[in-house]
Amino acid sequence: MHHSAICGSARGVRVAGAVWALFSMGGGVLLLLEYDLWPAALAFAAVGGFLLIRPWFMGVWLEGDSIRVGGWFHSFRLSRSEVTGIELEKCMSLLVGFQTGFLPFVGRVRMIQVEIVRKGRVRYVSLAGAIGRYNTVLKVVREMRVHVGLPK
């Protein structure tokens with residue numbers, strides 16, 4: 001079976017995770033040094049560790065008859081036969097906190113929305129593990145469309 005990670009599919013969450021991890025860990029150190037609050041400092045460090053490590057297991061992989069998606073809290077597969085559309089959408093994420101199409105110092109940002117049909121019902125799945133700069137995410141969308149047989 002052929003497994004192919006799409007280059008850049010999780011670059012945005014890796015950068016955002018690293019930035020937020022530094023803030024979280026910095027807050028933990030501040031609580032520890034300034035107030036001697038070990039439990040709170042450990043909680044901040046744990047959150048920072050999660051934000052630093054988890055993004056390296058996120059992204060989009062093309063596999064034979066499916067697309068594997070790694071998200072913040074779970075990974076899942078989408079069958080090629082159930083995917084009927086793949087589009088760009090504005091970002092909505094816990095790391096961003098609101099829906100946006102532009103971030104200062106980053107530029108235009110997007111994430112991927114996949115339209116699937118299961119048991120006759122249309123569903124839309126937002127891929128929070130594939131957030132990034134507009135052109136990078138557009139490249140990922142085009143590769144996904146080719147993989148499932150949709151027009152580029």
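Surface composition of segment 1-58: carbon plus sulfur atoms hold 77% of the accessible area, using a 1.4 angstrom probe and ignoring ligands, DNA and RNA.
A straight Cα-to-Cα reach below 24 Å connects K139 with the lysines K90, K152, residues fewer than 8 places away in its own chain not being considered. Over all directions, the projected convex hull of the C-alpha atoms in segment 1-86 averages 6.6 nm² in area. Take every pair of alpha-carbon atoms less than 8 Å apart whose residues are at least six positions apart; their mean separation over the length of the chain yields a relative contact order of 25 percent. The computed P(r) over Cα pairs in 10 Å bins from 0, in percent for the structure shown corresponds, within [x] 9, 30, 23, 12, 8, 7, 6, 4, 2, 0; [y] 11, 37, 29, 15, 6, 2; [z] 12, 43, 27, 13, 3, 1, 0, to [y]. Specify the angular offset, from 0 to 90 degrees and rounded to the nearest 10, of the alpha carbon long axis of helix 38-53 from the longest principal axis of the alpha carbons in the chain. Result, in degrees: 30. Heavy-atom accessible surface of the chain, averaged per residue, reaches 59 Å², computed with a 1.4 Å probe. Label-to-label distance for F23 and A5 is 2.6 nm, based on points extended 7 Å past Cα in the beta-carbon direction. Here segment 62-152 has 54 percent of its accessible surface on carbon and sulfur atoms, given a 1.4 Å probe and all protein chains in place. Given +1 at the Cβ of Lys and Arg, -1 at the Cβ of Asp and Glu and no other charges, the dipole of the chain around its Cα centre is 660 debye to the nearest 20.
Helix 134-148 and the long axis of the chain differ in direction by around 40°, with both axes built from C-alpha atoms.
The values are calculated or read from the model by the stated rules, or taken from the named source; none is laboratory data. Being a predicted model, the structure only gives us computed values, none of them experimental. Glycine gets a Cβ as well: all are built from the backbone with ideal geometry, and neighbour counts include every protein chain shown. Calculation scope for accessible area: heavy atoms of the full protein, side chains included, ligands and nucleic acids excluded. Shrake-Rupley method; radii C 1.70, N 1.55, O 1.52, S 1.80 Å.
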